[in-house]
Every structure is written in C-alpha cells, then in structure tokens.
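Peer 1: First, the structure itself, so that you have it in front of you.
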Amino acid sequence: MLKLVLLIFKHYRNRFILASSVGLISGGTNILMLAILSKTLADYQAGRSATYTLSIFGMIAVASIVTSILASLLNLFVSTRLTYQMQLNMVDQIMGLELQRQEEVGEGRLYATFTQDIRAINAAVLAVPGIFLNTGVTVGGLIYLGLLSPTVLIIFITFLVFCVISFLIPERKQIQLTDKMREAVNRLMVRFGAVNHGNKELKLHYARAEAMFNREMRDSAEELLQTTRRRSILGTIIGSWIRLMYFVFIAILVFVLPAQQQLDVITLVGYALVVMYIQQPVMALIGTRATFRAAGVAFDKTDEIGLELAAGISVNPFEDKEDQLALIAGNEPFRELSLEGVQLTYRPEDEERPFTLGPINLTVKAGEILFIVGGNGSGKTTLAKLITGLYVPQQGHITLNGKVIGEDDRLYYRQYFSAIFNDFYIFEHLLGLEGEGLNERAAGYLEELHLSHKVQIDENGKLSTRNLSTGQRKRLALLTAYLEDRPIYLFDEWAADQDPEFKQVFYYKILADLKSRGKTVLVISHDDRYFETGDRIIKLTEGTLSPYYSELIQPNRG
C-alpha cells in the first residue's frame, strides 16, 4: 500500500490530499447525522420539538452526499489517469527493455502484466477514497461512542483488536493464494499465446489440438479456477467470521450490558446504532487489505521482470523527438564496424546447458556483402543481434568508425541498420516513414517486388493487407527496409521462403543493387550456390568463428 500511496502522492499530490480530506469530511458527516438521529429520538422521548434538528439533519445529509460525490470524482480522475499513464509507461519500458531480457521474460508474462497487474493496481487506486471515507466514519463513530460511554468504547476497541488479529492469521494464506493466482495467470497467458500463434499446426493435427486443449489449456484454466475459488472462499469465510463477531458484540450490548448497568432505551439504541452503523466501514477497511495485497503482488511481479510501474511516469517518452531525429539525421557516413572480443552467454529456450557465442573478432567495412553461414544452433542469429545492437555484449565491445559503442550510444548506433530477422513483424502502417513522394516510392518498390497486385498503400501509409504467404510477407518487409534507406542491411534467411525465380532476383539483383548504392549487406544463408555473389564469408561453428572462412574472399560475380 505504501508504494501505491507514494506513487499517487508523487504525481497527484494536490488532488490526492483534496480527495482524502473530502473523504474524511464525508465520513464525519455520516456520524454527525447519526448523532442528530439519536438527539431527535431523545427530543421525542422528552416531548420536545424536533423541527430544528430535522433542518440540521437535512443540511448535513446534503453535505454528506456532495462530499461523497466530490471524493469519488476526484479519485476517479486520479485512478483513470494513473492507469492510462501506467499503460503507456509499461509500453515505454518494454520498448526500452533489452531484447535478450524481453525474450527471457516471454510474451505471456508481459501480457499478464499489461492486463492483470495494471488492473489490480487500478482497483487499489479506486479503493483509496473509500479508505478515507470509511476511516472518517469509523473514527467519528468511535469518538461518538466514547462520548456516549467510555466503557462501551473500550469493549468495542477490544473487540476490533480481536477481529484484526483473527483476520491476520488466515490473511497469510490469502496472500499466498493471491501470488499463486498471479502465477496461474502467467501460465494461462503463455499457453493462450501458443494457441494463437500455433493454430495452423493445431488444426492440422487433431491429437495435438486435443492435447493442447485438455492437457495444457484446461489444466491452466482449472488451476486458475481452483486458486481463485479458494481465495474467494477464504475471503468469504473471513468476512463472515467478522460479521459473526459483530453479532456477538451486538448481543453483548443488548442482552448483557443492560443487566450490568442501568440504561434507558434511548441510550441503548444509541449504542446499537453507532456499532451497527460502523460495521460496514470496519468490514470494508479490513477487506481493503486484500485489494492492496493484490496490488503489492502486481508491483512485485513487474519488478521481477525489470519493469517499474511506480517509476517516473511520462505521458510521452519521445518528447525530445526533434532532438533525437536531428541526432539520427546527423549520422556520420558508415565506414566500418568492429567486434573486438565480443562474447555472450545465454540459455536457449528448452536447453539445459548455456550457450556461449564468442569471443568474436570481426570487422565489416562499408560497401561489402558478407555472408554469415553455419549449422543450426551455431549462433548466427545471435551474432546478428549483437552486430545490430539488439543484444549487449557481456564481454568485449563494438566500435563504429573507430568509436566504442557504449550504453548512451546504442540508440544512435542501431539507426544504421535495416534488418529482417526470421521472426520479423510487419506493422499495419508504414510507421515512422515520412518524406516527399513516400507513397510513390513505395508503389515503385511494390512493383519491383511483384506485390503490386496484392498490396496497396493508402494516403496515410496503411497497408491494404498483411495476409500473404511467408515469402510475400518477407518481400513486404523488404519494402520497409528499402524505404528506411539505412547504410547497413541484414537479412536472416530471407531467401529461404522465396520461389526459385525470386531467389535469383534476391541474390543477383537486389544484393547487387544495394551494393551499387554503397550499402553494406550482411546475409545469413544456407544457399551455398549463391555465395559467389558476396565479397566475404564467415562461418560459425558452435559459437566460434572458423578462421578459414573468416578470411575467405569470394569474387563478386553478380
């Protein structure tokens, strides 16, 4: 709860203080109305007129409603705005998360954080005004009860302490179930992602689809169901236990206390009214702990994966866009890049042993076509991600035009590359691409890539379709790379899904065209019959460079 309150207080201090104050006032007015009701009953019993107290009661009732609405509206603004900013903040942090860490975290956990965790935090934010309102009612009720009878107040406080202690014991189990429920959501999201991405394979294999549904999805959903149910049952039992204790206290108040003290009916009714009136606020305050515990778990989960929802929230992390674009536009011409003793160790998915790439010593010069070859699992794509700055070396460093690339230079460095990896993604729009005649140039490339009969681009840069064959989608990705017009191009098995005709176009025409424009091209490929189109070949074997291949110069016969 402290982290959440600090987060709200940091960004919405004035509204938070105002909403809290109004909530306390609203709670206090509720108790004032209760006191006036007791006074009215006493006036009626004494035969006095209640006209004056009735008018006071009406004014306080109006004040109670107005302050309650105001507190709710103030908090609604804070909660919705905070949720909005946390969502954008998370997107910003994911975009800034190192790719290797993002891949380790996995899609399912990120989806769960974006939906489940932010929702849990938002629920806690929405509960804040209720806390102050209920606190105002409870504190005001205790004060009024103390004025009526210090003895009853002491008994009631003892009762509340007992209720809180009896609540804290099962709450530990409830916290464990909250954490377990969050983990179950992670697993369910991961498996739902498998269904979404692997639906073609599931449709083509009945037994696999049946196993996915019954063994994977059903098990995950059942685990979440049972955990949620146990948590809810425990919460219901806790709430019912406290209500039972309340009834016990009311019974003591009505049946036991009058036998010990001489009490008139009005006084006894006053005690009962106060105790019964503050029952719901007390129950709500105790129950709010579960909401804040869920928010605490959400904060913990985001911290585990390297995201900080409580960090400084920025509506737009690209506020310095013009400065960044000016910096990027001022990129000095590419001459060469070097990997000097670069090494990276990681654990591939579903592998027991870690894999080490390197140490790699490699220099790539402007205008050359470099083929990167090697067997499956030899580290070719990992090397490509290191070269493009998507992975950060654990040892060694990368230099660009003789300058060592550090943490502050990585954004600038990455702008030298246009890359199409094997798991590439095509956006619905030509995002980030601007300039005079963009659509005309795009239309020309579509024609050149034999896609003009399949894809059109409207005046806003929106693609008419992305529902294409794998080979066509790779050509569409190449369209974007052409329009980016970067100094260095990287193709990860780009030609693997092309028909023989377009494979020839790629190796003999596209590569030659890029080279003639002074571009540097890195090609991961198994097509040894086309290696003659390159200037140099390097071969990776179990994460290390083969000395022979790294020095081999091929005549370019494109």
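A short reminder: the numbers here are calculations on the coordinates, not readings from a lab. What you see is a predicted model; the values in this text were computed from it and never measured. When we count neighbours, we look across all protein chains shown, and the Cβ atoms used for this are built from the backbone with ideal geometry, even at glycine.
Peer 1: To make sure I understand the rule: partners must be lysines, Cα under 17 Å from the Cα of LYS519, and not fewer than 8 residues away in the same chain. Which ones qualify?
Peer 2: LYS365, LYS509
Peer 1: Given contacts defined as C-alpha pairs under 8 Å and at least six residues apart, what's the relative contact order of segment 333-551, whole-number percent?
Peer 2: 30 percent.
Peer 1: Only four residue types carry charge here, +1 at the Cβ of Lys and Arg and -1 at the Cβ of Asp and Glu. Report the dipole size of segment 2-304 about the Cα centre in Debye, rounded to the nearest 20.
Peer 2: On the way: 28 positive and 20 negative charges, 37 e Å.
With Lys and Arg at +1 and Asp and Glu at -1, about 180 debye.
Peer 1: Enter the angle in degrees (range 0 to 90, nearest 10) between the Cα long axis of helix 118-148 and the first principal axis of the Cα atoms of the chain, meaning the one along which they spread out most.
Peer 2: The answer is roughly 10 degrees.
Peer 1: For the peptides 287-294, 488-495, what is the packing order when you average, over each peptide's residues, the other Cβ atoms within 10 Å and list the highest mean first? Mind showing how you got there, number by number?
Peer 2: Numbers: 287-294: 19.2, 488-495: 22.1.
Ranking the peptides 287-294, 488-495 by packing returns 488-495, 287-294.
Peer 1: Sticking with this structure for a sec: Treating cross-link reach as a plain straight distance, find the lysines whose alpha-carbon is under 29 Å from the alpha-carbon of LYS173, omitting any fewer than eight places away in the same chain.
Peer 2: Qualifying lysines at Cα under 29 Å: LYS3, LYS301.
Peer 1: Let me ask another. Among the lysines, which fall within straight-line cross-link reach of LYS462, defined as a Cα-Cα distance under 20 Å, with same-chain neighbours fewer than 8 residues apart omitted?
Peer 2: LYS454, LYS474
Peer 1: Please list 183-196, 430-443, 223-236 highest first by mean number of surrounding beta-carbon atoms within 10 Å per residue. Please list the in-between numbers first.
Peer 2: On the way: 183-196: 17.8, 430-443: 12.5, 223-236: 15.1.
Result, highest mean Cβ count within 10 Å first: 183-196, 223-236, 430-443.
Peer 1: Give the relative contact order (percent, whole number) for segment 45-164; include only Cα pairs under 8 Å separated by 6+ residues.
Peer 2: Numbers: 27 pairs, mean separation 36.1, N = 120.
Reported as a whole number, the value is 30 percent.
Peer 1: Roughly how many whole Å is it from the C-alpha centroid of segment 125-175 to that of segment 355-410?
Peer 2: Value for the Cα centre distance between the two parts: 62 Å.
Peer 1: Please work out the ratio of the alpha-carbon Rg of segment 106-207 to 2.2 N^0.38 Å and round it to two decimals. Walk me through the numbers before you get to the answer.
Peer 2: Working: Rg = 23.4 Å, N = 102, 2.2 N^0.38 = 12.8 Å.
Cα-based Rg divided by the globular estimate yields 1.84.
Peer 1: So, one more: Using Cα pairs closer than 8 Å and at least 6 residues apart in sequence, work out the relative contact order for the chain, in percent. Before the final figure, lay out the partial values.
Peer 2: Numbers: 700 pairs, mean separation 79.3, N = 558.
Reported relative contact order: 14 percent.
Peer 1: With a ≥ b ≥ c taken as the square roots of the eigenvalues of the C-alpha gyration tensor of segment 411-456, please select rounded if a/c is under 1.5 and otherwise prolate if a/b is larger than b/c or oblate if it is not? Kindly include the intermediate steps, with their values, before the conclusion.
Peer 2: Values: a/c = 2.15, a/b = 1.42, b/c = 1.52.
Note, shape of segment 411-456 comes out oblate.
Peer 1: Between helix 13-46 and the chain, what is the angle of the helix's C-alpha long axis to the longest principal axis, kept within 0 to 90° and rounded to the nearest 10?
Peer 2: Taking the Cα atoms of the chain, the angle to 13-46 is about 20 degrees.
Peer 1: In terms of the Cα gyration tensor, with a ≥ b ≥ c the square roots of its eigenvalues, is the chain rounded because a/c is under 1.5, prolate because a/b exceeds b/c, or oblate? Working shown, then result.
Peer 2: Values: a/c = 3.21, a/b = 2.66, b/c = 1.21.
Taking the square roots of the gyration eigenvalues as a ≥ b ≥ c, the chain is prolate.
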